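Let me begin by presenting the structure, written as structure tokens, before commenting on it.
The values are calculated or read from the model by the stated rules, or taken from the named source; none is laboratory data. Keep in mind the model is a prediction, meaning the values are calculated, not measured. Heads up, the Cβs are rebuilt from the backbone with ideal geometry, glycines too, and the neighbour counts pull from every protein chain shown. Heads up: the accessible areas ignore ligands, DNA and RNA and are worked out on the full protein's heavy atoms, side chains in. Shrake-Rupley method; radii C 1.70, N 1.55, O 1.52, S 1.80 Å.
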Amino acid sequence: MSIKTSLNYSPNFSTSTRNKKKIKYIVYHYTGMRSENKAIKRLTDVSSNVSCHYFIKRNGQIILMVPELYEAWHAGKSNWKKDSSLNKSSIGIEISNKGHEFRYENFSKNQITSLIKLSKYLIKKYRIKVSNILGHSDIAFERKKDPGEKFPWSHLATKKIGIWHNINEQKLKKLRRKRISNIKMNNFIKCMSKIGYLTKNLKNNKKIKLFKSFQRRFRQKLINGKIDKECLIIAEKLSKLSK
Ligand SMILES: [Zn+2]
């Protein structure tokens with residue numbers, strides 16, 4: 001299997017190659033810029049110091065910017081499970097979308113079709129675990145919101161791309177905004193840690209950012225930074241799936 005791409009190389013990558021075995025993660029991003037062309041320019045501009053391996057245009061075309069065996073600079077300071085600085089162990093995929101700062105839009109159908117094809121190809125090639133398929137905000141929640149609550153995680157999960165809970169929607173809805181005790185709150189944080197989130201040294205503001213990042217990924221209908229019963233049962237379920 002191969003993937004049809006066009007080439008537009010970025011000069012922003014680490015020049016030594018990495019061993020295939022080092023590649024454990026896929027990280028999704030949105031570009032978060034006013035225009036697609038500007039985003040492509042930035043990711044291929046030597047002065048920006050940022051890049052990705054693959055870029056997915058609104059029309060679904062895939063651009064290869066950095067070959068997989070080189071480290072692209074997309075993740076920055078980041079953590080997941082016992083790993084930090086995920087650039088060295090991941091493939092970064094940028095998906096064209098204006099993002100929260102401009103006019104956050106739905107990802108296009110063509111983008112999702114391409115994303116599924118590309119992800120399946122990478123998962124097979126590098127034997128990437130389902131629990132290691134991540135969004136930028138999962139691994140850098142203090143700084144990042146991408147790919148955000150419009151990213152179709154539940155749909156991708158039906159293709160075995162990323163973990164999902166599959167709890168009945170009606171059941172979940174009844175638990176939304178229902179308060180939980182402090183003990184349960186500690187349980188929730190333990191579950192998050194099991195899933196892979198960095199839960200150390202959580203002060204107020206940081207905690208809210210972490211909770212929002214969980215919601216953008218797993219409870220996309222309400223992003224309020226407050227953990228309720230719905231979030232709790234989702235986290236409990238996911239913590240059992242995550243290895
Ligand atoms: Zn990002």
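Take the alpha-carbon centre of region 9-85, take the same for region 194-210, and report the distance between them in whole Å.
Centre-to-centre distance over Cα atoms comes out at 25 Å.
Taking only Cα atoms, what is the 0 to 90° angle, nearest 10, from helix 182-195's long axis to the longest principal axis of the chain?
30
Accessible area, 1.4 Å probe, largest first: how do GLU94, GLU142, GLU36, GLU101 sort?
The residues order as GLU101, GLU142, GLU36, GLU94, largest area first.
Among the trypsin sites (Lys or Arg not before Pro) in region 18-91, which ones are in a DSSP loop with at most 15 other Cβ atoms within 10 Å of the Cβ? Mind listing them?
ARG18, ARG34, ARG58, LYS77, LYS82
How big is the charge dipole of the chain about its Cα centre, in debye rounded to the nearest 20, if each Lys and Arg gets +1 on its Cβ and each Asp and Glu gets -1 on its Cβ? List each step's numbers first, then the result.
Values: 56 positive and 16 negative charges, 214 e Å.
Taking the Cα centre of the chain as origin, the dipole is about 1020 debye.
What is the sum of charges, Lys and Arg at +1 and Asp and Glu at -1, for the other residues whose Cβ falls under 11 Å from the Cβ of LYS207?
Local charge sum for LYS207: +4.
How tilted is helix 204-218 with respect to the longest principal axis of the chain? Cα atoms for both, answer in degrees (0 to 90, nearest 10).
For helix 204-218, the angle is close to 70 degrees.
Name the shape class, rounded, prolate or oblate, that the alpha-carbon gyration tensor gives for region 61-199, where a ≥ b ≥ c are the square roots of its eigenvalues, rounded holds for a/c under 1.5, and otherwise prolate holds if a/b is larger than b/c and oblate otherwise.
It comes out prolate by the Cα gyration axes.
On a 0 to 90 degree scale, rounded to 10, what angle separates helix 109-126 from the longest Cα axis of the chain?
For 109-126 against the chain, the angle is about 90 degrees.
Quick check: at a probe of 1.4 Å, how many percent of the accessible area of the chain sits on carbon and sulfur atoms?
The nonpolar share, carbon plus sulfur, comes to 48 percent.
State, to one decimal in nm, how far the label point of ASN166 lies from the label point of LYS109, with both points 7 Å from Cα in the Cβ direction.
It is 2.7 nm.
Mind grabbing the accessible area of LEU7 for me, 1.4 Å probe, Å², rounded to tens?
110
For LYS125, go through the aspartates and glutamates and keep the ones whose alpha-carbon is under 13 Å away, minus same-chain ones fewer than eight residues off.
In chain and number order, the partners are GLU68.
Starting from the alpha-carbon convex hull of the chain, give the projected area averaged over all orientations, in nm².
So the Cα hull casts an average projection of 12.8 nm².
Using a simple charge model, +1 on the beta-carbon of Lys and Arg, -1 on the beta-carbon of Asp and Glu, nothing else, what dipole does region 19-133 show about its Cα centre, in debye to the nearest 20?
Once rounded to the nearest 20, the dipole reads 480 debye.
Give me the 1.4 Å probe accessible area per residue for the chain, excluding ligands and nucleic acids, in Å².
Heavy-atom SASA per residue in the chain reads 53 Å².
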